[in-house]
Amino acid sequence: MSELKDCPLQFHDFKSVDHVKLCPRYTAVLSRSEDDGIGIEELDTLQLELETLLSSASRRLRVLEAETQILTDWQDKKGDRRFLKLGKEHELGTPIKHSKPKKQKLDGKGSHASGPGPGRPKSRNMQQKMQEYEFTDDPVDVPRIPKNDAPNRFWASVEPYCADITNDEIKVLEDLLKTPEDEADYYKIPPLGKHYSQRWAQEDLLEEQKDGARTALSGDKKKGILGPLAELDSKDVDSLLKKSESQHDQPEDGCPFGHLTQRLLQALVEENIISPVEDSPIPEISGKESGTDGASTSPRSQNKPFSAPHTKSLEVRIKEELIAQGLLESDDRPAEDSEDEVLAELRKRQAELKALSAHNRAKKQELLRLAKEEMNRQELRQRVRMADNEVMDAFRKIMAARQKKRTPTKKEKDQAWKALKERESILKLLDG
Amino acid sequence: MALVSADTRISELLSELHQLIKQTQEERSRSEHNLVNIQKTHERMQTENKISPYYRTKLRGLYTTAKADAEAECNILRRSLDKIAEIKSLLEERRIAAKIAGLYHDSEPPRKTMRRGVLMTLLQQSAMTLPLWIGKPGEKPPPLCGAIPASSDYVAKPGDKVAARVKAVDGDEQWILAEVVSYSHAANKYEVDDIDEEGKERHTLSRRRIIPLPQWKANPETDPEALFQKDQLVLALYPQTTCFYRALIHTPPQRPQDDYSVLFEDTSYADGYSPPLNVAQRYVVACKEPKKK
């Protein structure tokens, strides 16, 4: 049993045109006998009156179609949830606005096979049905045209945007927030590799070595000194390489010292003040120098005693000292960096990436927060629905009591009040 | 001879029409009963303030019956109206035939003596009786119904009323109300008669200079989209003349028998437009040239 206010029907007045009043000519013609007939001069008026009648009849037909459809829809839907809800929404005004998408979703899913709109999607069917009627003259026997499923497809496509947020979705979001550890890879600056000129030189050497090995293999096969020779060769290559490396490091051939050291020394030499300096730094240097000197006499094994750390550390120390003394600018490094275009580009991109991923993370967090909020609201809405049902139950009980002409019992009243209050409080929560 | 046979045909049709009208009323009284029933059920439901399954089922049954009744009624009314249209077209044929005969013999031109007032009444009458287009649900209004223009390859038939753009004596171009005499497919040209017999002029005009008038009225209650909308620029027949002038729609008709209310472009008024004047649906057509001259 439903209340009238929930009824979607509009109770149109289907009265037909009062032809006696509105269509005098038509009425006059009706009362005439066959012999009297109709005069040509009457046609115009008659036409207007018939048009009036037809207009009214076809309007009636349209309204009846619509109302019948509403009635069918309504009847098909057991429990009339939708219409009850519609009614409720009107009563409450804004509070349930949020549940609108929800409702659509429910309707889309509901047992009812047709579209959720109360009349509109169906009216197309109606029209199709009507066209059928044109051909057959018997509207009752016409089978129903297969339902138009466009509304269903539409609602199915909208569904994902209106559906409830599930725990799975929250989890996905959280996973997304967790992932960034592999991003560290993108911030690594790989060590500067060998300059291509060096690498090519090495490759050339290796090539030559191989060629040499091959000739040795073909030429000195009998001697069987292939292995040692090869070993020797590779040693040679290594030493050669080292040599070229050290040469690369040290602009001035033969001199193992950094250019700062050399410049400092030169400065001292030119000023001819070696003797006072001799006290402390010179012995150190000379010690080194003697070492190197000793080595430099035999060019073959030149590299061994030269071992770069010494001269290099000396250079570094001198540089540090110079910087500390304020004789050198310390902004050496960045200047050096700025020359490296690849590095500069890498840094730029990394900065971009950092900004972007920070922004993304912020958005993801925001989304997660919203999703969680929405979950809470969903829960509340669920409770509102339950409360609605309780209220309806109570209402039905009281109505049943009223129908049996007895006053509702105290228990029923209490229950009704309780249900109402609970519902109100949840709604307040939902609002707040 | 042809005229005589047309006469008998017309009287046959008239008696058929009479039959149809009687059937219409039978149909109507039959459905009347059911409609009263619906009315009563509605009232009962409203007083009881609730809707039991019993009423729902009952209402459904009643609606279905009423629907079938309404369809039957519509069908028979349509047949009656078709009959009237048939009679009218026969009458029209007869008139054209008479006119051609009159022109050839030149002995008694049929409308030579028609006074202007009579012509105006005739025009009003023909506007009034322009058939109303009442589609079945879901049917779209056809071309030449209300504001819906004719298809581009449409050719007006002899006797059709059109708006025709002609050069007046003083050299000005004017849209006049005219009647098609013939159409030459070879030249794409119409021969039209000025409706105002005072001019007694026959014009040969290219089809671009012809706008066919609507052949149905659009029903504002069911097909409002087939009407010109407010503020649309149209050509409308100025009341008590046979000339079309540019005008803006002031209000579209509200009921089938209503006229448009239009504002004619008129420089003698301060705002450039005349006060609202009524023009029948039949004499309002789309204006092809939006720019003001």
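Take each residue of peptide B:13-26, count the partner chain Cβ atoms within 10 Å of its Cβ, and average: the result is 4. Remark: accessible surface ordering of A:Tyr161, B:Tyr54, B:Tyr260 (largest first) is A:Tyr161, B:Tyr54, B:Tyr260, probe radius 1.4 Å. Computed from the C-beta positions of B:Glu86 and B:Glu201, the FRET efficiency with R₀ = 30 Å rounds to 0.40.
In segment A:7-75, one over the average inverse separation of all distinct C-alpha pairs is 14.3 Å, which is the Kirkwood hydrodynamic radius. Computed in the context of the full set of protein chains, the accessible area of chain B at 1.4 Å probe radius has 54% of its extent on carbon or sulfur. Accessible area per residue was computed with a 1.4 Å probe on protein heavy atoms; B:Glu173 scores about 60 Å². Mean residue ellipticity at 222 nm, helices only, chain B: -14000 deg cm²/dmol; runs of at least 4 DSSP H residues each add -39,500 (n - 2.57), and the sum is divided by the number of residues.
Go through B:Tyr183, B:Tyr269 and list them by solvent-accessible area, largest first, probe radius 1.4 Å. Write out the running numbers ahead of the final one.
On the way: B:Tyr183 40, B:Tyr269 95 Å².
My answer, sorted largest first, is B:Tyr269, B:Tyr183.
Considering every residue in B:56-67, what mean count of other chain Cβ atoms within 10 Å of its Cβ is obtained? Don't skip to the end; give the middle numbers.
Values: counts 7, 2, 0, 6, 6, 0, 3, 12, 5, 3, 7, 12.
Across the residues of B:56-67, the mean count of other-chain Cβ atoms within 10 Å is 5.
For the set B:Arg56, B:Arg44, A:Arg263, the ranking by accessible area, highest first and with no ligand, DNA or RNA atoms included, is A:Arg263, B:Arg44, B:Arg56 under a 1.4 Å probe.
Using R0 = 41 Å, the C-beta based FRET efficiency linking B:Arg208 and A:Glu34 works out to 0.20. Give me the Debye-computed log₁₀ of I(q)/I(0) at q = 0.08, 0.12, 0.16 Å⁻¹ for chain B, equal point scatterers on Cα only, no solvent, two decimals. Taking Cα atoms of chain B as identical point scatterers yields -0.48, -0.91, -1.35.
Counted residue by residue at 0.36 nm each, then reduced by the alpha carbon distance between them, the extension gain from A:Ala324 to A:Tyr187 reaches 46.1 nm.
For the chain pair A and B, the buried solvent-accessible surface (1.4 Å probe, both sides summed) amounts to about 5700 Å².
Report, as an integer, the average count of C-beta atoms from other chains found within 10 Å of each Cβ along B:211-222. Intermediate values should be presented prior to the final figure.
On the way: counts 0, 0, 0, 0, 0, 0, 1, 0, 5, 0, 5, 4.
Per residue, the average neighbour count from other chains is 1.
With q set to 0.23, 0.26, 0.29 Å⁻¹, the log10 of I(q)/I(0) for segment B:224-286, from the Debye formula over equal scatterers at the Cα positions, is -0.88, -1.11, -1.34. For B:Tyr273, nonlocal amide neighbours, meaning residues 5 or more places apart or on other chains whose placed amide H falls under 5 Å from its own, are B:Asp266. All distinct Cα pairs of segment B:2-83 go into the 1/r average, and the inverse of that average, the Kirkwood radius, is 15.1 Å.
The values are calculated or read from the model by the stated rules, or taken from the named source; none is laboratory data. Computed from a predicted structure; not experimentally measured. Every residue, glycine among them, receives a Cβ derived from its backbone with ideal geometry; neighbour counts consider all protein chains shown. The protein model used for the area step is the full one, side chains on, heavy atoms only, and it has no ligands, DNA or RNA in it. Shrake-Rupley method; radii C 1.70, N 1.55, O 1.52, S 1.80 Å.
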